[in-house]
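Asks: Shown below is the structure under consideration.
The values are calculated or read from the model by the stated rules, or taken from the named source; none is laboratory data. Every value quoted in this text rests on a predicted model; they were computed, and no experiment measured them. All Cβ positions, even for glycine, are placed from backbone atoms using ideal geometry, and neighbour counts span all protein chains on display.
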Amino acid sequence: MSGNFLLDTNAAIAYIAQDTALMAIIEAADEVFVPAVVLGELFYGAEKSGRVEANRRDVETLAVSGAVLNCDVGTAREYGRIRNLLRTKGRLIPHNDTWIAAIAMQHGLTVLTCDKHFDDVDGLAKQGW
């Protein structure tokens, strides 16, 4: 399946682990992006792990293997819009996941994720594996 995808944290972890099902999607993709927010979550996970150096290297490898998307004013606008819509629905999701959704919406990307709470973000394209 071709398309342009944005990795959620669980997808990034599966990518690092070379999950077969996820890799099939990525190999057929037109483009794959990693949000800087996800890299932050992965570096945090590496720091608190029992394999700090090895996990840091894995995150560094991911960071240089694809295009990293940062937040800007447009992302912040999307974040505010999404967060408010979630608030009015009484369905807030973690802040970092709201940033990930905002980056995806801003750039017209499909989020690769297994997190069901992204289902609460109206209009967000998402795909599991």
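Asks: Kindly indicate whether D119 is closer than 21 Å to I26 by Cβ and modelled with pLDDT of 95 or more. If you could, list the steps in order and put the result at the bottom.
Replies: Values: closer than 21 Å to I26 by Cβ: no; modelled with pLDDT of 95 or more: yes.
So D119 fails the test.
Asks: Ok, one more. With the requirement that a residue be surrounded by fewer than 12 Cβ atoms within 10 Å (Cβ to Cβ) and in contact (Cβ under 8 Å) with a residue 12 or more places away in the chain, what does the stretch 108-121 give you?
Replies: Pass one, the stretch 108-121, residues surrounded by fewer than 12 Cβ atoms within 10 Å (Cβ to Cβ): 108, 116.
Listed by number, the list holds a single entry, G108.
Asks: Also, quick follow-up: Can we say A12 is touching a residue at least 40 places away in the same chain (Cβ under 8 Å), surrounded by fewer than 18 Cβ atoms within 10 Å (Cβ to Cβ), in a helix (DSSP H, G or I) and on the phi < 0 side of the Ramachandran plot?
Replies: Values: touching a residue at least 40 places away in the same chain (Cβ under 8 Å): yes; surrounded by fewer than 18 Cβ atoms within 10 Å (Cβ to Cβ): no; in a helix (DSSP H, G or I): yes; on the phi < 0 side of the Ramachandran plot: yes.
Answer is no for this residue.
Asks: Hey, could you check the stretch 45-67 for residues that are exposed (fewer than 14 other Cβ atoms within 10 Å of the Cβ) and modelled with pLDDT under 95 and say which is farthest from A29 (Cα to Cα)?
Replies: Per the stated criteria, the residue is V64.
Asks: State which residue pairs qualify: first residue within 15 Å of R77 (Cβ to Cβ) and inside the stretch 88-107, second residue among the acidic types (D, E) in any location, beta carbons under 8 Å apart, and separation of 6 or more residues or different chains.
Replies: Filtered contacts from the stretch 88-107: A101/E78; A102/E78; I103/E78; M105/E78; Q106/E78.
Asks: Something else about it: Tell me, which residue of the stretch 75-114 that is part of a helix (DSSP H, G or I) and among the hydroxyl-bearing types (S, T, Y) is farthest from T9 (Cα to Cα)?
Replies: As a first pass, look at the stretch 75-114 and keep what is part of a helix (DSSP H, G or I): 75-89, 95-107.
Checking the rest, the ones that are also among the hydroxyl-bearing types (S, T, Y) come to 75, 79, 88, 98.
On the way: T75: 18, Y79: 18, T88: 26, T98: 12 Å.
My answer is T88.
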